[in-house]
Amino acid sequence: QKEVEQDPGPLSVPEGAIVSLNCTYSNSAFQYFMWYRQYSRKGPELLMYTYSSGNKEDGRFTAQVDKSSKYISLFIRDSQPSDSATYLCAMTSYNQGGKLIFGQGTELSVKP
Amino acid sequence: ETGVTQSPTHLIKTRGQQVTLRCSSQSGHNTVSWYQQALGQGPQFIFQYYREEENGRGNFPPRFSGLQFPNYSSELNVNALELDDSALYLCASSIDRGGNEKLFFGSGTQLSVL
């Protein structure tokens, strides 16, 4: 079993839809949770960064962390064609020497 | 402020050869981490360098080695290349090594081993 599980998709939605992306994990020591967006042939771009449980909102993006269920989510409101990319969840615990554990990534396509 | 830059962008090697990939960290960042991303997979941690020393290593064999220079730039060296080494190699920099710092990635080097 992988430490971090993420449905690879692909996920296709119409423009304006609300998108829900999710990851589950098995290591209860994880404290820092991130979502990265990766366009084709590019490096991952940090979208959201949260510590421990709770919600964080940034514009059209909302990240949720439920440590009791070992489940994290990213919601995208009013999705745009420019949101079409692969979304990677990542997590780590303190003092792990830069070692992020990534999910497989979910490929999202937003159709005009 | 410049971001993380990597060179070359693409590279083709044959099995058994050696390769060196280069990374310049973002301005103000003293820590560099390297990741390998196979097609359709998430990045996997190779190692991290802080103040020119290795500060953590993932599950990669010793033929993967690295260096960090006084200006915080870094190299990833891979010896005795295997076909499975074909991947996107990503460099990420962070402002420190504590473990909760945000990592910022470069665009990567696409390595193909034939």
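The values are calculated or read from the model by the stated rules, or taken from the named source; none is laboratory data. Not measured: the values here are computed from a predicted model. Don't worry about glycine lacking a Cβ; one is built from the backbone with ideal geometry, like all the others, and counts go over all protein chains shown. For the accessible areas, the whole protein counts, side chains as well, though only heavy atoms, and no ligand, DNA or RNA atoms are used. Shrake-Rupley method; radii C 1.70, N 1.55, O 1.52, S 1.80 Å.
List of remarks:
- Of the residues B:Leu103, B:Leu83, the single one that is hydrophobic (A, V, I, L, M, F, W, C) and away from chain A (no Cβ under 13 Å) is B:Leu83.
- A single entry from A:Ser93, A:Ser109 fulfils the requirement of being in contact (Cβ under 8 Å) with a residue 60 or more places away in the chain and in contact with a Phe, Trp or Tyr (Cβ under 7 Å, 6 or more places away or on another chain): A:Ser93.
- Residues of the stretch A:93-112 satisfying the condition of being within 14 Å of chain B (Cβ to nearest Cβ) and either buried (at least 23 other Cβ atoms within 10 Å of the Cβ) or under 20 Å from A:Pro8 (Cα atoms) (or both): A:Gly98, A:Leu100, A:Ile101, A:Phe102, A:Gly103, A:Gln104, A:Gly105, A:Thr106, A:Glu107
- Here is the figure for the stretch B:42-67: residues that are away from every other protein chain (no Cβ under 11 Å) and within 13 Å of B:Leu21 (Cβ to Cβ) total 4.
- Within the stretch A:1-48, the residues that satisfy the criterion of being among the aliphatic types (A, V, I, L, M) and outside any strand (DSSP E or B) are A:Ala17, A:Ile18, A:Ala29.
- If you go through the stretch B:50-94 and keep only what is among the hydroxyl-bearing types (Ser, Thr, Tyr), modelled with pLDDT of 95 or more and either surrounded by fewer than 16 Cβ atoms within 10 Å (Cβ to Cβ) or not in a loop (DSSP other than H, G, I, E, B) (or both), you end up with B:Ser65, B:Ser74, B:Tyr89.
- If you go through the stretch B:3-28 and pick out every residue that is under 16 Å from B:Tyr49 (Cβ atoms), open to solvent by 80 Å² or more (accessible area, probe 1.4 Å) and among the aliphatic types (A, V, I, L, M), you end up with 0.
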